[in-house]
Amino acid sequence: VHARGSNPPMRNNGSNDEPAGSSPSDDRGPVGGHSSSSSSRDRNDDDDAPRPRRNGADAPPPSPSMQSPSSSSSPRGRPSTWSPFLLHFVLPMALLILASNGGDIRDGLASLLLVGGAPPSSMPGGGRSATRPPSPLPTTSSYDSNREQRTRRDEVDAAIGRRRRREETVSRTKQRSSRKQVDDDDEREDVGGGGGGDRPTGPRSSALYRQMESKIRTLRSAYAKSRDSPDDDDEHLAAFRLAEFMKQRDATIHDGGTYQMEAIEMYDRAISLMEDRWREKVRGGEDTRRPPHHHGSSDMAAVTGGYSGLNRELFLDADAKSSEGLLCAALCGRGKVYFMSNMFGRAVESYEECLSYDGGYLDALTYRAQALLILGKYVEAGRDYRRVLETDKDGIFADAVTGLARILTAREDAVEGGWDYLVRFLETMLPRNREAYDGFKLSNNASGIKHYADRMRRMHHAMFAYHDAKTLDATEAWRHLSEGNAYKMSTVAPFDAASERERASRVKAVFVPDFFPKGLGSESRAPIFVIGFVRSGSTLLERILDAHPLIVGTGEDSVFNGRLDTIRNEIVRASTAGDLRVLQNTVRKLADDVVDDMRKRWEVIDANTRDNDGDDDNDSDIKRQPSPTRFADKMLTNYMNVGFIHMLFPNALILHVAREPMDTLLSAYKHDFSPGGLDYTSEFEGLAQLYRSYRDIMVHWDEVLPGRVTHVRYEDMVTDLPNVAPAIIRAAGVVWDPTVLDFHRKKQAVNTLSTTQVRKGVYSHHLGGWRRYEEYLGPLVDLVGSRAGYDLRTSLPGYVKKEAENDVNTESPSV
């Protein structure tokens, strides 16, 4: 968010949309624990020791409470301690699953309308508002001359040829991934042996999840029927609709990109068929921009908003688009899935194929610019964003404002006209949009209010960036930031502080020292988990890891979180057998599946990010060998899930990155996150509660699993990188490579709000930056209370902080 995908942000069950939490019961006993009535011989003497246990030859024998039913003298075949085990482990785990899904179910009910097929508003190219800004902007002209048409068709043919040659080099990798996803889908269908009562509870059995899975099965069936019918001429539409819905599903349910590779395959199939149809029309002299069902002029104006060229078809249904309009929709859809999959170069190529049909197609221009920004190509991205601003009559593609502000903040000369260009636009549009917003409020028009609130939010945030980075006028900067956040919160439900406190309390109530069964988990050290609070420096930490030849980042859509619901349910299911061996085997298989999925994701991304036609001249820095042995899984809200991480991967490195609290909080408050659970970082009350919960949970893990989480202070990374980076790499269990220190020169793309910062390398001038706005942050300091300070030291093995080198004042406020 993310997502949306993504990116990211705090999301339930693997996204960043809201704090992903477990909701345990108040019972404290797990496997190996004991109730007041259990005897001392029913547990090992060291069961109460809260230290992490490693697997291997020294693993303890099964606890008596978990012996096989066959060895029990119980007349029912259950061990004598079955009741305490059921009470202290199985029941808390089951309650944890039920309670932790309240937010998912609530969010699912709010999103049920998405199942009808309309793209979510947060998805690139999503639904179109019925309203338009009062003053239209100039539009681009369409292709008119025969010569231009011939040139355009030559460009299209060339683009098609390049892309098809490229696809031959990666198809096998994508097929392997797709087969794995189909197998996983079949496995989801078979969970519980087909019995409704045995199906897992949680997001995967929520109403929204079930309906979306059902829709995918229906669309798959329709595609298969169309493909196998010689008389069916709509296979391209069936493939396109399936791909579009898979894209929507993965943008809505953040579980590690379940359908991304299959969606790309479906887009490829649809595009191939569409291109064949386009060629037939060209050979026959037909108009490739004539929709199959011709609209009258008044009808067309109602759906096109006065746009020109293929932009007139942006909001038409698939079966109402022309050959070229449908091709552009499919090419843009595929580009967005590539983007969601961290294949940013492939995304650019797909958008450019669309632009070979119409160089002013807004959807392609907007999201090509987004991908170019991620790739660090600021000049090209700024050029695209400018054209969108000057063409987008209805202000639907408001990302152009946000994108330009990010580019200008990073490098003002990358955009023609610099800040002056954007500020003139904003000063013209802000009063017009405010007037329109007020009008819709008076008429209580919800869709109009939401549309203009979003535009006002983006424009005020852009003005904040201007004053924060350019004029250094803190008063004006804060005014725009406050107004932008107020517009954002005007369309968001009030923050539920009680629910957030309860979520953290449940985690602490279940994951107590006695909870963790002995001898569980995989011996693998392949995953490296990065956790922390949003805007705490996690991107820098991930880039340091990813710069090592044996370590790769797996993106913002966490594989572990994508499987978390299944992990919880399968652990409970195995626990009911009363046999430690069943639980051990289940947990190890779950862990192996996570690592396998991490590796498969890397294989797909690696195969799809190689240069076309074997030209490596411009990409020599991209690491391709050897194969990685570590996979960095950066999902910050996994601070709620350390208990599950420890159960599956007792030997895996968990890195907690922490930053000076007020710097963290200001950075979260001022950043324009995509709509979602991070909305509440835009108000002091919600932000303070989220931060306090995070700090409480981290204290809990240090008490329950002392030494299990390795802490890394952001300030130490910034001021002492030559010593911190080697300690990080050593903690990951790989040999130090000096090129890690040049992480900012490597070409790996970074899809976070820190995209532009991380390309600058390490800098410390921003430490203590919250002091610039201290006079406005007093209420937030009061709400955070004692948590406004953080006496936490970097705990990397072998690292000793060089105090003399750290002369940056990051003093916390007095509370």
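The values are calculated or read from the model by the stated rules, or taken from the named source; none is laboratory data. For clarity, every value in this text was computed on a predicted model and none was experimentally measured. Methodologically, a virtual Cβ is constructed for each residue, glycine included, from the backbone with ideal geometry; neighbour enumeration extends over all protein chains shown. Quick note on the areas: whole protein, heavy atoms, side chains included, nothing else; ligands and nucleic acids left out. Shrake-Rupley method; radii C 1.70, N 1.55, O 1.52, S 1.80 Å.
Compute for the stretch 681-730: radius of gyration divided by Kirkwood radius, i.e. Rg/Rh, restricted to C-alpha atoms, rounded to two decimals.
1.12
Can you compute the modelled spin-label distance between residue 390 and residue 589, with each label point 7 Å from Cα toward Cβ, in nm?
According to this spin-label approximation, the distance is 6.1 nm.
How much length is gained if the chain between residue 505 and residue 469 is pulled fully straight, taking 0.36 nm per residue apart and subtracting their Cα-Cα distance, in nm to one decimal?
Full extension of this stretch gives 8.9 nm more.
Taking the alpha carbon gyration tensor of the stretch 371-460, what are the square roots of 5 times its eigenvalues, largest first, to the nearest whole Å?
Numbers: eigenvalues 147, 32, 19 Å².
Value: 27, 13, 10 Å, ordered largest first.
Could you list, in their original order, any pairs among 508/801; 336/377; 321/393; 450/670; 488/634; 215/450 whose Cα atoms are separated by more than 22 Å?
508/801; 488/634; 215/450
Quick query: amide H of residue 315 versus all other amide H atoms, modeled in the peptide plane; which residues come in under 5 Å with a sequence gap of 5 or more or a different chain?
none
Once phi is turned into ³J(HN,Hα) by the Karplus curve 6.51 cos²θ - 1.76 cosθ + 1.60 with θ = phi - 60°, what whole-Hz value does each residue of the stretch 671-676 show in order, with x for glycine and proline?
Running phi through 6.51 cos²θ - 1.76 cosθ + 1.60 with θ = phi - 60° gives 8, 8, 6, 5, x, x Hz.
Once you have all Cα-Cα distances for the stretch 205-264, histogram them in 10 Å bins from zero and send the whole-percent values.
24, 49, 22, 5
Check which residues have an amide H placed less than 5 Å from residue 553's amide H, if you skip close sequence neighbours.
632
In nanometres, what is the gap between the two model label sites at residue 699 and residue 782, each 7 Å from Cα along Cα-to-Cβ?
Each label point lies 7 Å from its Cα, and together they span 2.2 nm.
Could you please state how large a percent of the accessible area of the stretch 406-461 is carbon and sulfur, counting protein chains only and using a 1.4 Å probe? Provide the component values of the computation, followed by the final result.
Values: 1250 of 2680 Å².
With neighbouring chains kept in place, the figure for the stretch 406-461 is 47 percent.
How far apart, in nanometres, would the label points at residue 277 and residue 434 be if each is projected 7 angstrom from Cα along the Cα-to-Cβ direction?
Rounded to a tenth, the inter-label distance reads 4.8 nm.
Figure the gain on full extension for residue 486 and residue 730 (residue separation times 0.36 nm, minus the Cα-Cα span) and round it to one decimal in nm. Present the calculation step by step, with values, prior to reporting the outcome.
On the way: separation 244, 0.36 × 244 = 87.84 nm, distance 4.53 nm.
This chain segment gains 83.3 nm when fully extended.
Please give the Cα centre distance for the stretch 462-503 versus the stretch 681-748, rounded to the nearest Å.
Rounded to whole Å, the Cα centres lie 26 Å apart.
List the residues whose amide H sits under 5 Å from the amide H of residue 653, counting only those 5 or more places along or on another chain, with H placed 1.01 Å from N in the peptide plane.
529
Of 422, 444, 456, which is farthest along the charge dipole of the stretch 417-475 in the positive direction, counting Lys and Arg as +1 and Asp and Glu as -1 at C-beta?
Working it through, the farthest residue towards the positive pole turns out to be 444.
Would you mind getting the accessible area per residue of the stretch 649-736, heavy atoms of the protein chains only, 1.4 Å probe, in Å²?
Value for the stretch 649-736: 23 Å² per residue.
Taking a 1.4 Å probe, which of 483, 380, 280, 353 shows the most accessible area, and what order do the others take after it?
Descending order: 280, 380, 483, 353.
Apply the a/c threshold of 1.5 to the C-alpha gyration tensor of the stretch 632-726 and tell me whether it is rounded, prolate or oblate.
On the way: a/c = 1.91, a/b = 1.29, b/c = 1.48.
Note, shape of the stretch 632-726 comes out oblate.
Pairs of Cα atoms under 8 Å, at least six residues apart: use those to get the relative contact order of the stretch 380-525, whole percent.
Computed value for the stretch 380-525: 18 percent relative contact order.
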